[in-house]
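The values are calculated or read from the model by the stated rules, or taken from the named source; none is laboratory data. In this text, all values refer to a predicted model and were calculated from it rather than measured experimentally. Here Cβ is always computed from backbone atoms with ideal geometry, including for glycine, and neighbour counts include all displayed protein chains. All accessible areas refer to the heavy atoms of the entire protein, side chains included, with ligands and DNA or RNA removed. Shrake-Rupley method; radii C 1.70, N 1.55, O 1.52, S 1.80 Å.
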Amino acid sequence: MLTTLLFALALPAADAPPPVPLWGRWEAAFTAADGVSPDADLALELTSPAGKERRVGGFWDGGLTWRVRFMPDEEGKWTYRTVARPATGLGGKAGEFVCQRAAAAARPGSWLARGPVRVAPNGRFLQHAGGLPFFWLGDTVWTGPALSDAADWETYLDDRVAKRFSVVQFNTLCPWRTAPADAEGRVAFTGARKVRINPEFFKRLDERVDAVNARGLLAAPVLLWANKAADPGNTLPEEDIVKLLRYQAARYGAHHVVWVLAGDNGYRKEQGEKWRRVGNAVFGAKAHPAPVTTHPTGMNWPWEEWRDESWLTVLGYQSGHGDDAATLRWIHSGPPAEYWRKAPPRPVINLEPPYEDHLAYQSRKPHTAYAVRRAVYGSLLNAPPAGVTYGAHGLWSWQRQSGEEPRDHKGTGVAKTWREALDLPGSTHMKHLATLFATLPWWSLRPAQSLLAAQPGGDDPARFVAAAASEDGDLALVYLPAGGEVTFKADRLIEGLVFEWFDPRTGRRQEARDVRGVFRAPDAMDWLLVVRRP
């Protein structure tokens, strides 16, 4: 499990606890006096070994217990003091702990070795604290943490690790559409005004998030849903929304996360103003250094009005589950393909392309693995690649009964059980994508339609050829969704490059040879042409 150290505050000096690993988790418990309300505020003011001051929030964990969790990012001695309102039993506590880098025996792929994920200095992609680029390959399992048991959650994580996923994208709170309560019948909070948080619900969630991080995966929790009129993000007063989000930020701020502010909102006009206020209230003080994004409705790009929100460090979007010409055109030539050029630079990630086996909005046919690949590769090459998310119908809802549509999602189609959906072929195709990108400096790519002498998709968006290349010209990727051919402009390629066809269905590569400057795909299926230095 992810290293978690719990310290008693009254230990004798001779029994000082072991050092906290760099980028591990320090945790302390504090006991309030009798009668203190669960709404009491607790914060920890820390001073780093270098003298930098930090402030992190605490959270109520039931009864008279409050906790604080913190991820130290400097080696040496940290000191702290508590600040509370009311102070009874919680405020005025002081202490210290020591942080040091984990021993060389730490697994090379662990968080202790790589460090947390942050936005790269150029603003285009994510990277670990040590500078290693992080490729976001997300998997959507909205209600998995709430409905799974521990053994099934491990089965799920085993599968996704083997398929080289790097992010688990989930909804944190119940009630929600497919999960009115968790597997034990608990909800995250009660009340419609002045909500009362249920710590027992979050203790269960702790176990699931710990398991995600323990596998070297990044957690991407959606902190509140705000689509339908009955969703908490639309029914609760803004004060309670901020309370719920601050609670989660305190509880999981020492985990390896990317925050997803809210799910499936339009973020326009009054709603946009509201969620910008909420985001500033929760993340504007920079107390939580992890990247922050949010999850808009399908084919919706509200980010022009959010350009000055410095706390929003990743631009997430949803291309949705359509399959008509307008949807295909939006993916490869819509707002993401244009907006990435605007300052300030931010990573651009499609957080919800079409889910495999989900009924398409227009044709009413299940999205195939091919439809998913077409959207995924188009999304990766329409802006500087930072990553993309995959979804499987039946897995996102953690479907436990066969022969049914997901609860409260009519029209999406009868879903496979979550175990069956694990094996939908598109998830293995994502493994091939991740394996390929691991061999390439993908972070150097920029959209490069100017490479192509002709665009076959000019009249038919289903045949649009997406292209990206590095600025120095020694790497290019060209995705052909329906076979055909590619001709490059002669002056755009440098000498000595290798050309290979990459099969996104099998992961195999084969030499690509041109005939009088024309590269023809091996068949009429989708192919990726990889141009690189040998």
For region 499-513, the count of residues that are open to solvent by 80 Å² or more (accessible area, probe 1.4 Å) and among the charged types (D, E, K, R) equals 4
With the first residue restricted to region 182-211 and required to be closer than 18 Å to Arg67 by Cα and touching a residue at least 24 places away in the same chain (Cβ under 8 Å), and the second required to be open to solvent by 50 Å² or more (accessible area, probe 1.4 Å) and hydroxyl-bearing (Ser, Thr, Tyr), Cβ contacts under 6 Å at 6 or more apart or on different chains are Arg196/Thr190
When you scan region 254-263, do you find a residue that is among the β-branched types (Val, Ile, Thr), in contact with a Ser or Thr (Cβ under 8 Å, 6 or more places away or on another chain) and closer than 17 Å to Arg276 by Cβ, even just one? yes
Which of the following residues is open to solvent by less than 40 Å² (accessible area, probe 1.4 Å), assigned to a helix (DSSP H, G or I) and either in contact with a Phe, Trp or Tyr (Cβ under 7 Å, 6 or more places away or on another chain) or over 23 Å from Phe125 (Cα atoms) (or both): Ala250, Ala290? Ala250
Taking region 313-333, which residues are surrounded by 19 or more Cβ atoms within 10 Å (Cβ to Cβ) and over 23 Å from Ala220 (Cα atoms)? Gly322, Asp323, Thr327, Leu328, Trp330, His332
Sole residue being open to solvent by less than 20 Å² (accessible area, probe 1.4 Å) and of a type in the set (Ser, Thr, Tyr), chosen from Ser48, Ser37: Ser48
Go through region 56-120 and tell me which strands (runs of 3 or more DSSP E), entirely inside it, have 1 or more residues that are exposed (fewer than 14 other Cβ atoms within 10 Å of the Cβ) and of a type outside the set (Ser, Thr, Tyr). 76-85, 94-100
Residues in region 132-157 that are under 18 Å from the mean Cα position of the chain (by Cα) and open to solvent by 20 Å² or more (accessible area, probe 1.4 Å) total 3
Within region 485-495, is even one residue at pLDDT 95 or above and part of a loop (DSSP other than H, G, I, E, B)? no
So in region 470-483, with the set limited to residues that are without any contact (Cβ under 8 Å) to a residue 40 or more places away in the chain and open to solvent by less than 50 Å² (accessible area, probe 1.4 Å), which one is nearest to Pro425 (Cα to Cα)? Ser470
Checked Ala183, Ala129 against criteria (of a type in the set (Gly, Ala, Ser), touching a strand residue (DSSP E or B) at 6+ places or on another chain (Cβ under 8 Å) and open to solvent by 30 Å² or more (accessible area, probe 1.4 Å)); the one match is Ala129
